[in-house]
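The values are calculated or read from the model by the stated rules, or taken from the named source; none is laboratory data. Predicted model, so just to flag it, every value in this text is computed and none were measured. Counting neighbours? That spans all protein chains shown, and the Cβs are built from the backbone with ideal geometry, glycine included. All accessible areas refer to the heavy atoms of the entire protein, side chains included, with ligands and DNA or RNA removed. Shrake-Rupley method; radii C 1.70, N 1.55, O 1.52, S 1.80 Å.
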Amino acid sequence: MSAAVAANATAEANAQARIQAAIAATIAALPPTPTPTPHYTPTATPTPTSTPTLPLTPTFTPTSTPTPTSTPIAGPSPHPQTTFSAGYNLVCALRSDGTAVCWGHDNGGAASPPPEQLVSISSGEAHTCALRPDGTPVCWGYEGHGRSSPPWGERFASISAGEDHTCALRLDGSAVCWGRNEDSEASPPDNERFVQIDGGANHTCGLRADGAAVCWGDNDYGEASAPADRFAAISGGRGHTCGLRTDGTVVCWGDDEEGQASAPDDWFTAISSGYWHTCALRSDGSAVCWGSDSHGQASAPDDRFAAISSGHLHTCGLRPDGAAVCWGWNHEGQASPPVGERFAVGNVEVGSAPVPKSTPTPKPTPTPLPSRVRILGPLSGGYNFVCALRPDGTAACWGRDDSGEASPPPEQLVSISTGEGHTCALRPDGTPVCWGYDGDGRSSPPGDERFSSLSAGEDHTCALRPDGSIFCWGWNMFDQASPPEGERLASIDSGAYHTCGLRANGAAVCWGDNENGQASAPDDRFAAISGGQRHTCGLRTDDTVVCWGDNEHGQASAPDDRFAAISSGYRHTCALRSDGSAVCWGSDSHGQASPPEGGSFAVISCGHRHTCALRSDGGAVCWGRNNHGQASPPESERFAVGEVAVGG
């Protein structure tokens, strides 16, 4: 959320140079401001470029009070890259080689980055998003509201994660957002062009090239009502926003109950807003914080930093040598950075050589689809069979194959979902493909549609178009394939004879068979939902689980625990804790609710009387009934946990 976009090396260096020039009476004139260039050049082989800057390491100056100056410092730096970001209860940072390291709460896998090179990173409440060197986005962690599902085919110049949403800027400055949109925080204004963007908790702000701020989303405290001023950087907190003016002073607006919007009368080079506190850096690298100090998050150590980022109730700073220092609440280890690590203070090095210091300003050109896309559903346990996707997007299935349901086509897929005797999947372009038994048309998807997600029930399938509208096909005796008209959903899941989806605000909507109340969702807010045979379970946004419907076997009696993922089977339910351990409840007639002890998994899926899970290395582990081999996954196979390679 409060990404240290303001701590961008260019903005810092320029600001430092201007302020120090005003302090030094012997300097008669300021040097000209370098012209920055975007970090991405969309060519056949994209290579990130760094903005021409003054030295990245802050030049320490005497601690005397700065003398005000009427000479403006640099305006907003175009597309600053964030290599260091404090989220809700986690922190992620990039090493100089572009690989990511995260620490703190790993709820939903938000602190488990993929092993690849990145050039910018930003953490939210339970998800993290980043940019690859070619500008394609990648996200991990909770998927509720679609927050971890960036748009396909896009390339961005900068990115910023809010609490449950993310916004990014294309090279032309237009904004694209995804995730929670209950307060319109993911609905940027049309036809605006920005050079910086920052996601607050439930609002977003951007800076135009002239330094003017534009904000949208939740405005209960006035946090989205930016003053008519000119800023070099902007940072959104929970209910407040702070802007670093071009003269080095800070102004904040919105909620000030804890003093988080009462900026001191001082001059700064970087700014970062947390939930109820704000921190900034002076030109000498010293940190100043104000607002709530309930857990010491506003009590900055006497140190010197090159970057700073405020989280929920903690704050972290990067020293000039790349060492991280954190303070504040540490109940999840978010204030305990790894010892001995050094992180990138400026831009990261990508490939075998450092990033060049300057390149000609590129002109935006059309770009192809990304070579890797996020998997929407990598593992699916059907009635008596299982299907999973390999890292290259091809599918492997095992178990019963009476109607060809376990015989996938030899093509690349990005999502897969199994029913009783059929399987459906999505290709990289969003077109659906199904195989297996075709009774009632369950394996005959529409030929002219494109979908963003898909879920197969026992004899029907439902899918979401990119606009969130719903399309279903197959058996419809209980109206399970008749979604409510006019609904727009962020996610969808099919039970045996009913279907449920989540709106963007996390509210659940269900239809179809309701004999046991499985389609009567409670008035709650969920991050995920999963339908079984006659019951449904939802993972609330506070990580607890609630189930409704048939409870004859205890399948709807969720334990009092915290989870990161949920999956409902026919008469049992399984969930994953944030540490990857599995917990199951309900019918255990064939051992389907008895996960292996000591196992740690990244994905879990319940079938009829069996359960399968994927380890973080992609190895599959299954337990329960095995009369068709459904609990005997191929030993040598490794399946995709996060993404599949497409087009390669």
Checklist outcome for this item: Subtracting the Cα-Cα distance of Asp448 and Ser407 from 0.36 nm times their residue separation yields 12.4 nm
Checklist entry - Lys/Arg Cβ at +1, Asp/Glu Cβ at -1, dipole of segment 426-582 taken about the Cα centre: which of Phe478, Ser567, Gly441 is farthest positive-ward? => result Ser567
Next on the checklist: If R₀ is 51 angstrom, what is the calculated FRET efficiency for the pair Glu116 and Met477, using the beta carbon separation as r and rounding to 0.05?
Outcome noted: 0.65
Checklist entry - Using a probe of 1.4 angstrom, how much of the accessible area of segment 540-648 is carbon and sulfur, in percent? => result 41
Checklist outcome for this item: Counting only protein heavy atoms and rolling a 1.4 Å probe, one gets per residue an accessible area for segment 409-497 in Å² of 36
Checklist outcome for this item: Note: Arg562 to Val339 extended length (0.36 nm per residue) minus current alpha-carbon separation gives 77.4 nm
Item to check | Alpha carbon centroid spacing (whole Å) that separates segment 226-252 from segment 409-483 | outcome: 47
Checklist entry - Given C-alpha coordinates of segment 530-645, what is the ratio Rg to Rh with the Kirkwood estimate of Rh? => result 0.96
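Roll a 1.4 angstrom probe over the protein heavy atoms and tell me the percent of accessible area of segment 215-348 that is carbon or sulfur.
For segment 215-348, the apolar C and S fraction of the accessible surface comes to 41 percent.
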Next on the checklist: How large a share of the accessible area of segment 130-173, in percent, is made up of carbon and sulfur atoms when the probe is 1.4 Å and the other protein chains stay in place?
Outcome noted: 48
Item to check | Rounded accessible area per residue of segment 81-121, 1.4 Å, Å² | outcome: 24
Checklist outcome for this item: Per its Cα gyration tensor (rounded if a/c is under 1.5, else prolate when a/b beats b/c, else oblate), segment 380-461 is best filed as oblate
Item to check | Residue-span extension gain [Glu635 to Arg193] - 0.36 nm each, minus C-alpha spacing | outcome: 154.0 nm
